[in-house]
1. Filter region 5-27 for residues that are touching a helix residue (DSSP H, G or I) at 6+ places or on another chain (Cβ under 9 Å) and surrounded by fewer than 14 Cβ atoms within 10 Å (Cβ to Cβ); which is nearest to residue 86 (Cα to Cα)?
2. From 88, 36, grab the single residue that is free of Cβ contacts under 8 Å to residues at least 24 places away in the same chain and of a type in the set (Ser, Thr, Tyr).
3. Evaluate the following for residue 68: is it farther than 22 Å from residue 14 by Cβ and buried (at least 17 other Cβ atoms within 10 Å of the Cβ)?
4. Any chance you could count how many residues in region 28-59 are surrounded by 18 or more Cβ atoms within 10 Å (Cβ to Cβ) and among the basic types (Lys, Arg)?
5. Can you give me the number of residues within region 51-70 that are among the basic types (Lys, Arg) and under 23 Å from residue 104 (Cα atoms)?
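Just so it is clear, none of the values below were taken in a lab; they were calculated from the coordinates. Keep in mind that this is a model prediction, so the values were computed, not measured. Don't worry about glycine lacking a Cβ; one is built from the backbone with ideal geometry, like all the others, and counts go over all protein chains shown.
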Amino acid sequence: MPKEFSRSQRVVEQIRRELAELIRLEVKDPRVGFITLTDVEITPDYAHAKVFFTSMRGEEGLDEILVGLRRASGFLRRELGKRVRIHTLPELHFQYDSSVERGSRMSQLIDQVVREDEARHKDEPES
């Protein structure tokens, strides 16, 4: 019977949860506030982890957020080491995730086309 989640998937999820909590509760840098971690990808050897995030402000102030996250990465990595027991603690690489904004924009475009289509069909005479 296959496992539902591999060990690496469990580690990734635990890293995401712990980092989200650390950023929310422990990081005092105001540049890092109001972000949401969306995903974590980890290399097979656990040496590097890409941490994807979104911001409530969108891409506004993105450079400042990245600077704040990079400055906090040593602290985050050290605290992560206290909470997650793995043989190699990954180096953290933060990357902005624009998929949420793109998805929202696509949804708006679809809604707009549907409204326009409904308006066009309402004006057409029935045959």
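1. Filtering region 5-27 for residues that are touching a helix residue (DSSP H, G or I) at 6+ places or on another chain (Cβ under 9 Å) and surrounded by fewer than 14 Cβ atoms within 10 Å (Cβ to Cβ), the one nearest to residue 86 (Cα to Cα) comes out as 5.
2. Going through 88, 36 in turn, just one is free of Cβ contacts under 8 Å to residues at least 24 places away in the same chain and of a type in the set (Ser, Thr, Tyr): 36.
3. Working: farther than 22 Å from residue 14 by Cβ: yes; buried (at least 17 other Cβ atoms within 10 Å of the Cβ): yes.
When the stated conditions are applied, residue 68 passes them.
4. Looking only at that region, the number is 0.
5. 1
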